[in-house]
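Here the structure is laid out as structure tokens; the discussion comes afterwards.
The values are calculated or read from the model by the stated rules, or taken from the named source; none is laboratory data. The structure presented is a predicted model; accordingly, all values stated were derived computationally and were not measured. Cβ placement follows ideal geometry from the backbone for every residue including glycine, while neighbour counts extend to all protein chains displayed. The accessibility values were calculated without ligands, DNA or RNA, using every heavy atom of the protein model including side chains. Shrake-Rupley method; radii C 1.70, N 1.55, O 1.52, S 1.80 Å.
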Amino acid sequence: MGYAAALRQLRGAQKTAKGVSLYSRYVNRPAGRVLAAGAYRAGMTPNQVTLVSAGFSYGGVAALAVAAPSWGLAVAVYAALAVGFAFDSADGQLARLLGAGGAAGEWLDHVVDCAKITAVHAAVLITFYRHFSLPGDGWLLLPLGFQLAAGMIFFGGLLTDKLTPKRPADQRSKAAPSRLRAVALLPVDYGVFCAVFLLLGSQDAFRWAYLALFAVHAVFLAAFLTKWFRELRAI
């Protein structure tokens, strides 16, 4: 099967758009589809694509932690994290194309994601401490709070999905995904979060944008935890 044929087949093998933000639906998944088709033609396995995703993501995190902030670094960090996120979508799409999904691949994907989410906020903390002229030491608590909120959203959503019994295909809702919900989820989409690093060349702009995203994540965390607990209790 050629590249174009693989791309066409991938378009028909997408996961549901329910509960997915506009960025993931219209930017990251299509980018992942292109990368998955290329990986297929290159003879790569889904796990290899996951490791490529890890290489880009962790490379961006390492650059953030080590290098002094600048506009050049801002673009480099954003590009590395965004490309890593696209490859994170590509591994699952390639697995569906090959019919090669399995517990080990899913485990590797989630471990890489968990490490990425934890490390990126740790790198922000290092950058704050080493390079930023902060108004007060209280700002050093911000990355720790953001790390906690992001980690709980990731783990809580993953665990809720695992604990929720799967309905047979004929009993699943056929309703179109809510566009309003897709817009509302944009602030907590990892791809949108990556864009904050484009402001890394300005300490003030980055600090306040990072704080605003943390505040939104904290609000969504409270809403998500309430929703997930109620859904699981109702089972």
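Some values worked out for this structure:
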item: Using a Förster distance of 41 Å, the FRET efficiency for residue 5-residue 137 (Cβ separation, nearest 0.05); result: 0.10
item: Accessible area of the chain belonging to carbon and sulfur atoms, whole % at 1.4 Å probe; result: 67 percent
item: The stretch 84-139 - charge dipole about Cα centre, Lys and Arg +1 at Cβ, Asp and Glu -1, debye rounded to 20; result: 140 debye
item: Rounded to 10°, Cα long-axis angle of helix 29-41 versus longest principal axis of the chain; result: 60 degrees
item: Where labels lie 7 Å past Cα in the beta-carbon direction, separation of residue 230 and residue 41 in nm; result: 4.8 nm
item: Gyration tensor over alpha-carbon atoms, the stretch 111-235, equivalent ellipsoid semi-axes in Å; result: 33, 15, 13
item: Full-stretch length increase - residue 96, residue 183 - with 0.36 nm per residue and alpha-carbon distance subtracted; result: 28.6 nm
item: Å² per residue, accessible surface of the chain at 1.4 Å; result: 52 Å²
item: Sequence of 114, 194 from largest to smallest accessible area, 1.4 Å probe; result: 114, 194
item: Only Lys, Arg (+1) and Asp, Glu (-1) charged, at Cβ; the chain dipole about Cα centre in debye; result: 1000 debye
item: Most positive-pole-ward Cα, 135, 222, 94, against dipole of the chain from beta carbon charges; result: 94
item: In nm, spacing of pseudo-spin labels at residue 215 and residue 18 (7 Å Cα→C-beta vector); result: 3.3 nm
item: At q = 0.17 Å⁻¹, base-10 log of I(q)/I(0) for the chain (Debye sum, equal scatterers on each alpha carbon); result: -1.35
item: The chain: relative contact order as a whole-number percent, Cα under 8 Å and 6+ apart; result: 28 percent
